[in-house]
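Please read the structure below before turning to the comments.
The values are calculated or read from the model by the stated rules, or taken from the named source; none is laboratory data. Keep in mind it's a predicted model, so treat the numbers as computed, not measured. Neighbour counts run over all protein chains shown; Cβ positions are idealised from the backbone, glycine included. Ligands, DNA and RNA are stripped out before the accessible areas are found, and what is left, the full protein with its side chains, is counted by its heavy atoms. Shrake-Rupley method; radii C 1.70, N 1.55, O 1.52, S 1.80 Å.
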Amino acid sequence: AGLATALSSAAMAADGMTVGFSQIGSESGWRAAETSVTKSQAESRGINLKFADAQQKQENQIKAIRGFIAQGVDAILVAPVVATGWDDVLNEAKEANIPVVLLDRGIDGPEDLYLTSVASDQVKEGRVAGQWLVDTVKDKDCKVVELQGTVGSTPAINRKKGFEEAIAGSKNITIIRSQTGDFTRSKGKEVMEGFLKAENGGKGICALYAHNDDMAVGAIQAIKDAGLKPGTDILVVSIDAVPDIFTAIAAGEANATVELTPNMAGPAFDALAAFKKDGTVPPKFIITESKLYTAADDPKGEYERRKGLGY
Ligand code: GYE
């Protein structure tokens, strides 16, 4: 009987876990893909996933995490909408001995509040985007407008930082306007309309840097509505590598994107299974790859490769 119990508890440890997932919302195509990949990863591992969508509100995430703690889940995944305000609720999870894994965004709190954080290097993403622009415009004057992600989120802070570092050495490249589009298409379009109006119909704008593809896709529509050609009159560089940006790149309406994998859950579940099985402590930060794609990189093929992933 002892052996059978030991085997079944080991199996329980590796999968059969019940994991609560506090997801930000579905503000972008990338976020929707992360949700569907997480659900299929859980399914294939025999993990019982309890999913909570916070409609981009931190208070809803905190409520959901408290609910998971009350249910006594084995682990909690959190994609933290902003970087601050997590100490109390994550301390409650710690008190309850429930490991927490952060997905795709970070927090400012103490590192012992989470087992590991699975995310891209978002400063690098900004640097890669900025370097593409530097290499493209060379010494031509280039006035840039920037659509920032959600205010106070680590991707918005870090992608801004990395882009500014990359263009710092190029005095001919300047950011003339920068505002949040909250990672959504509709807000990206609306804010870009404001930029165009404020800048003489967009004639003075050389490039748009958007912290995600969804805001870029919204902005592309605004640029067209203003009678300008996105991708030529106004260069477009963004981040996520969602299918719709490859459609725009193939049509010459966008120029470059930096890939962000929607599969943060795979490494998260691996780390949790090992931790549950024999207490293996994972690295505090598990960093996913960031790769640049342009029109030279088979955009139609890249579109096909991503369709069906739930974007
Ligand atoms: O780039 C964007 C989503 O947190 C890095 O959140 C993620 C970002 C991603 O809204 O599409």
Exercise for review: Work out the charge dipole of segment 104-209 with +1 on the Cβ of Lys and Arg and -1 on the Cβ of Asp and Glu about the Cα centre, then indicate which of THR136, LEU113, LEU147 is farthest towards its positive end.
Suggested key: THR136
Practice item. Let me know the charge dipole size of the chain about its Cα centre in debye, to the nearest 20, where only the beta-carbon of Lys, Arg (+1) and Asp, Glu (-1) is charged. Key: 360 debye
Exercise for review: Count the DSSP beta bridges whose two residues both fall in the chain, then state the antiparallel fraction as a percent rounded to the nearest 5.
Suggested key: 5 percent
Study note, to complete from the structure: The summed charge of the ASP298 Cβ neighbourhood (under 10 Å; Lys/Arg +1, Asp/Glu -1) stands at -1
Check your understanding: Along the positive direction of the dipole of segment 246-311 (beta-carbon charges: Lys, Arg +1; Asp, Glu -1; about the Cα centre), which of ALA265, THR294, GLY279 reaches farthest?
Key -> GLY279
Study note, to complete from the structure: Magnitude of the Cβ-charge dipole (Lys and Arg +1, Asp and Glu -1) of segment 163-237 about the Cα centre, nearest 20 debye, reported as 240 debye
Exercise for review: Grab segment 180-311 and count how many Lys pairs have their alpha-carbon atoms under 19 Å apart, sequence gap of 8 or more, or different chains.
Suggested key: 13
Practice item. Quantify, in whole percent, the carbon and sulfur part of the accessible surface of the chain (1.4 Å probe; protein heavy atoms only). Key: 53 percent
**Study point:** segment 81-129 and segment 29-67: distance between their alpha carbon centers, rounded to Å
**Key:** 15 Å
Study note, to complete from the structure: P(r) of the chain over all Cα-Cα pairs, 20 Å bins starting at 0, rounded to whole percent, reads 33, 51, 15, 1
Exercise for review: Would you mind checking the tilt of helix 58-71 against the longest principal axis of the Cα atoms of the chain, expressed as 0 to 90 degrees and rounded to 10?
Suggested key: 20 degrees
Study note, to complete from the structure: Once both label points are put 7 Å beyond Cα along the C-beta direction, the ASN200-SER44 separation in nm becomes 5.3 nm
Practice item. Just tell me which aspartates and glutamates come within less than 18 Å, Cα to Cα, of LYS39; anything on the same chain fewer than 8 places away is out. Key: ASP15, GLU27, ASP53, ASP74, ASP104, ASP270
Review point. Pulled fully out, how much extra length does the chain show between LYS140 and LYS161, if you take 0.36 nm times their separation in residues and subtract their Cα-Cα distance?
Key: 5.3 nm
Exercise for review: Rounded to the nearest 10 degrees, what's the angle between the helix 185-198 long axis and the longest principal axis of the chain, both from Cα atoms, 0 to 90?
Suggested key: 30 degrees
Study note, to complete from the structure: For the ASN172, VAL151 Cβ pair and Förster radius 30 Å, calculated FRET efficiency rounded to 0.05 is 0.55
Review point. Taking Cα atoms, how many degrees apart are the long axis of helix 213-225 and the longest axis of the chain, rounded to 10 and kept between 0 and 90?
Key: 30 degrees
Check your understanding: With the other protein chains left in place, how much accessible area per residue, in square angstrom, belongs to the chain at a 1.4 angstrom probe?
Key -> 41 Å²
